[in-house]
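Some notes on the structure that comes next.
Taken together, the values in this text are just the output of simple stated rules run on the coordinates, not laboratory data. Please read all numbers here as calculations on a predicted model, not as lab measurements. With ideal geometry, Cβ positions are generated from the backbone for all residues, glycine too; neighbour counts draw on all protein chains shown.
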Amino acid sequence: MECIGRNKSVLDPDGYVMKDGFHAHYIQIYADAHLHDLSEKAVDNCIPAANAKAKEIGPETMDGKTCNRALAYTVMCIRFMKIEANCPKEDVIDSVDCTKVRAYLKEWNKKTGLKYN
């Protein structure tokens with residue numbers, strides 16, 4: 001994921017998420033007008049929390065390559081902690097697949113121990 005972040009210029013040289021670059025890219029991709037306020041708050045809260053957790057844990061090494069987890073944590077925070085968890089009831093899709101995704105995201109959050117405002 002760090003590779004994508006560098007390609008989109010949303011990471012600093014150490015691989016941590018830069019708010020301005022990430023915000024511009026994220027809002028461009030996820031421009032659903034009625035979730036705009038929720039998305040704005042998610043970006044504001046998740047970037048500092050995800051960067052802090054990535055610093056605490058340190059880089060991950062896989063297949064001989066080392067990467068910073070900050071972008072992955074940011075995306076997961078926004079998706080679960082802020083968007084899915086606060087999604088307006090009328091927008092929640094009640095299906096087996098969607099329920100499984102929400103359960104997975106909840107478990108992922110427990111495992112990482114991320115703390116969000």
> Is there a residue in the range 56-78 that is part of a helix (DSSP H, G or I), over 12 Å from the mean Cα position of the chain (by Cα) and surrounded by 14 or more Cβ atoms within 10 Å (Cβ to Cβ)?
Replying inline: yes
> When the range 2-51 is examined, which residues are found to be farther than 17 Å from Cys67 by Cα, among the hydroxyl-bearing types (Ser, Thr, Tyr) and outside any helix (DSSP H, G or I)?
Replying inline: Tyr30
> Of these, Val92, Val43, Val75, which one is touching a Cys at 6+ places or on another chain (Cβ under 9 Å) and either under 17 Å from Gly5 (Cβ atoms) or of a type in the set (Ser, Thr, Tyr) (or both)?
Replying inline: Val75
